[in-house]
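Here is the structure we will look at, set down as structure tokens.
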Amino acid sequence: MKPKDIRELSVPEIETKLRETRETLLQSNLRKHTGQVEKSHTFRTYRKDIARLETILTEKKQAAAVPAVAR
């Protein structure tokens with residue numbers, strides 16, 4: 001998922017997407033340990049997506065908190 005696409009989402013949507021991606025990574029890890037994984041390169045993609053989601057989520061939460069402090 002591209003950062004531009006993530007920035008267009010709302011905070012609850014980002015949190016949902018983050019939860020889904022983490023769950024997918026967990027399921028892939030379980031399949032990896034049982035020897036059922038065919039595409040091992042997807043682990044890196046999931047981890048990077050999680051990092052992007054967390055980064056943009058933090059940015060949005062901080063941006064929402066700054067105007068409240070300035071008032």
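Counting Lys and Arg as +1 and Asp and Glu as -1, what is the net charge of the other residues whose Cβ lies under 12 Å from the Cβ of THR16? It would help to have the intermediate numbers written out before the result.
On the way: positive: LYS17, ARG19, ARG22; negative: GLU13, GLU15, GLU20, GLU23.
Net local charge, THR16 excluded: -1.
Placing +1 on the Cβ of each Lys and Arg and -1 on the Cβ of each Asp and Glu in the chain, which of PRO12, VAL37, LEU57 has its Cα farthest towards the positive end of the resulting dipole?
Of the options given, the answer is VAL37.
For the chain, the longest stretch holding no GluC sites (Glu not before Pro) located in a DSSP loop with at most 12 other Cβ atoms within 10 Å is which? Can you show the working numbers first?
On the way: sites that count: GLU8, GLU38.
Longest stretch, sites excluded: 39-71.
Counting Lys and Arg as +1 and Asp and Glu as -1, each charge on the Cβ, what is the dipole of the chain about the Cα centre in debye, to the nearest 20? Mind showing how you got there, number by number?
Values: 16 positive and 10 negative charges, 43 e Å.
Taking the Cα centre of the chain as origin, the dipole is about 200 debye.
Relative to the longest principal axis of the C-alpha atoms of the chain, give the angle of the C-alpha long axis of helix 11-33, reported between 0 and 90° and rounded to the nearest 10°.
So the inclination is approximately 20 degrees.
Please determine, in degrees from 0 to 90 and to the nearest 10, the orientation of helix 42-70 with respect to the longest principal axis defined by the Cα atoms of the chain, where the helix direction is its Cα long axis.
So the inclination is approximately 10 degrees.
Using only Cα atoms, what is the ratio of the radius of gyration of the chain to 2.2 N^0.38 Å? Let's see the in-between values first.
Values: Rg = 15.3 Å, N = 71, 2.2 N^0.38 = 11.1 Å.
Compactness ratio reported: 1.38.
Any idea what the relative contact order of region 3-62 is, in percent, if you count C-alpha pairs under 8 Å spaced at least 6 apart?
Working: 29 pairs, mean separation 31.7, N = 60.
Answer for region 3-62 is 53 percent.
Within region 3-62, how many Lys pairs that are eight or more residues apart, or on different chains, come under 17 Å at the alpha-carbon? Walk me through the numbers before you get to the answer.
Numbers: LYS4/LYS17; LYS4/LYS48; LYS4/LYS60; LYS4/LYS61; LYS17/LYS48; LYS17/LYS60; LYS17/LYS61; LYS39/LYS48.
Lysine pairs, 8 or more places apart or on different chains, close enough: 8.
Under a point spin-label approximation (7 Å from Cα along Cα-to-Cβ), what is the THR24-SER10 distance to one decimal in nm?
Computed distance between label sites THR24 and SER10 equals 2.2 nm.
Give the residue list of trypsin sites (Lys or Arg not before Pro) in region 7-60 that are DSSP loop and have at most 10 other beta-carbon atoms within 10 angstrom. If you can, show how the numbers build up before the last one.
Numbers: sites: ARG7, LYS17, ARG19, ARG22, ARG31, LYS32, LYS39, ARG44, ARG47, LYS48, ARG52, LYS60; in loops: LYS39.
Listed in order of number, the matching sites are LYS39.
Computed from the coordinates by the stated procedures, all read-outs in this text should not be read as laboratory data. All of these numbers come straight from a predicted model, not from anything done at the bench. For neighbour counting, all protein chains shown are included, and Cβ atoms are generated from backbone atoms with ideal geometry for every residue, glycine included.
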